[in-house]
Amino acid sequence: MTGTYPIAAVIGGDIYTTGSPSIALPSPESCTDSGDHTSYQAATHEFWDWTQALTVQNSPNGTSSWSTVTDYTFQYATGKIIFDTPRVVGTNNFTRISAGNYFTATRYDGSYMYNNTVECKTEDTTQFQSPDGWQENTALIKSAKCEIDTYRVDDRMFQELGNMVGLKIYIDKPNGIRWQYFATPLKPSMAAKVSKVITQKINFVSVHDVYFVTS
């Protein structure tokens with residue numbers, strides 16, 4: 001997606017998070033072809049546990065002759081399979097996940113504000129005789145940080161300290177526009193004032209890849 005996207009109302013946002021532990025897939029989960037026979041989306045679950053074995057299979061008809069394949073990249077924070085080469089209709093164009101562990105995402109209700117920042121760290125690598133005297137920078141690692149403010153008064157995120165959780169941060173929920181990634185909760189904190197309602201703030205830092213999803 002390029003250019004600017006008009007957001008009609010801030011209330012169009014929302015936040016979903018997962019909890020621990022991951023759950024073993026009880027039966028194979030079908031995957032939907034995006035239409036190019038290359039990208040397939042898991043039908044039910046989006047957040048998958050990369051510490052557990054994942055098995056992807058192809059079939060010529062979707063009912064039989066399933067065979068395990070490994071020529072793909074898997075987006076564990078979105079449940080998307082991207083094959084190295086397009087699948088062939090009538091040969092291997094049906095896809096399913098036959099084994100794996102997923103995390104269940106539920107709405108983090110009570111939230112009213114978030115600040116999601118995606119950044120790339122750089123290092124000053126300016127050399128002698130730098131062109132026109134400008135500083136030169138080398139890109140290093142990328143990361144995301146999110147700060148969520150809520151009216152919740154509970155220990156949901158406190159229970160996940162040191163664990164990995166999935167974050168689904170909607171910019172525009174009706175149109176499915178969101179940030180999606182795994183993160184570690186850092187420091188849940190509460191604030192109270194005699195003339196205000198009690199609020200809670202949680203900070204997260206990303207683990208692995210960050211995705212911007214537009215559908």
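The one condition from (1) closer than 13 Å to Tyr40 by Cα; (2) surrounded by 19 or more Cβ atoms within 10 Å (Cβ to Cβ) that Ala77 does not meet is (1). Taking the range 14-92 as the region of interest, the strands (runs of 3 or more DSSP E) fully inside it that hold 2 or more residues being of a type in the set (A, V, I, L, M, F, W, C) are 80-83. Of all residue pairs spaced 6 or more apart or on separate chains, none has beta-carbon atoms under 8 Å together with a first member in the range 82-101 that is over 20 Å from Ala24 (Cβ atoms) and open to solvent by less than 70 Å² (accessible area, probe 1.4 Å) and a second member that is part of a loop (DSSP other than H, G, I, E, B) and of a type in the set (A, V, I, L, M).
For beta carbons closer than 6 Å, sequence separation of 6+ or different chains, a first residue in the range 47-62 that is over 19 Å from Gln180 (Cβ atoms) and a second that is outside any strand (DSSP E or B) and not hydroxyl-bearing (Ser, Thr, Tyr), the qualifying pairs are Gln57/Trp66; Asn58/Asn92; Ser59/Trp66; Pro60/Gly90.
Here is a yes/no grid of residues against (1) in a strand (DSSP E or B); (2) out of contact with any Leu (no Cβ under 8 Å at 6 or more places or on another chain); (3) open to solvent by 70 Å² or more (accessible area, probe 1.4 Å):
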position: Gln127; (1), (2), (3): no, yes, yes
position: Ile141; (1), (2), (3): yes, yes, yes
position: Glu147; (1), (2), (3): yes, yes, no
position: Arg152; (1), (2), (3): no, yes, no
position: Lys168; (1), (2), (3): yes, yes, no
position: Ile171; (1), (2), (3): yes, yes, no
position: Gln180; (1), (2), (3): yes, no, no
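Just to be sure I understand the filter: pairs with C-beta atoms under 6 Å, separated by 6 or more residues or on different chains, first member in the range 174-186 and touching a residue at least 12 places away in the same chain (Cβ under 8 Å) and under 12 Å from Val207 (Cβ atoms), second member of a type in the set (D, E, K, R) and surrounded by 15 or more Cβ atoms within 10 Å (Cβ to Cβ). Which pairs pass? Close Cβ pairs satisfying both conditions: Pro185/Glu160.
A single member of Asn203, Asn163 is among the polar types (S, T, N, Q), surrounded by 13 or more Cβ atoms within 10 Å (Cβ to Cβ) and in a strand (DSSP E or B), and it is Asn203. Scoring Thr95 on the criteria (1) in contact with a Cys (Cβ under 7 Å, 6 or more places away or on another chain); (2) more than 22 Å from His37 (Cα to Cα); (3) not charged (D, E, K, R) leaves a single failure, condition (2).
The values are calculated or read from the model by the stated rules, or taken from the named source; none is laboratory data. Here the structure is a predicted model, which is why all the values come from computation and not from measurement. As a convention, Cβ positions derive from the backbone with ideal geometry for all residues, glycine included, and neighbour counts pool all protein chains shown. Note: areas computed on protein heavy atoms with side chains; ligands, DNA, RNA excluded. Shrake-Rupley method; radii C 1.70, N 1.55, O 1.52, S 1.80 Å.
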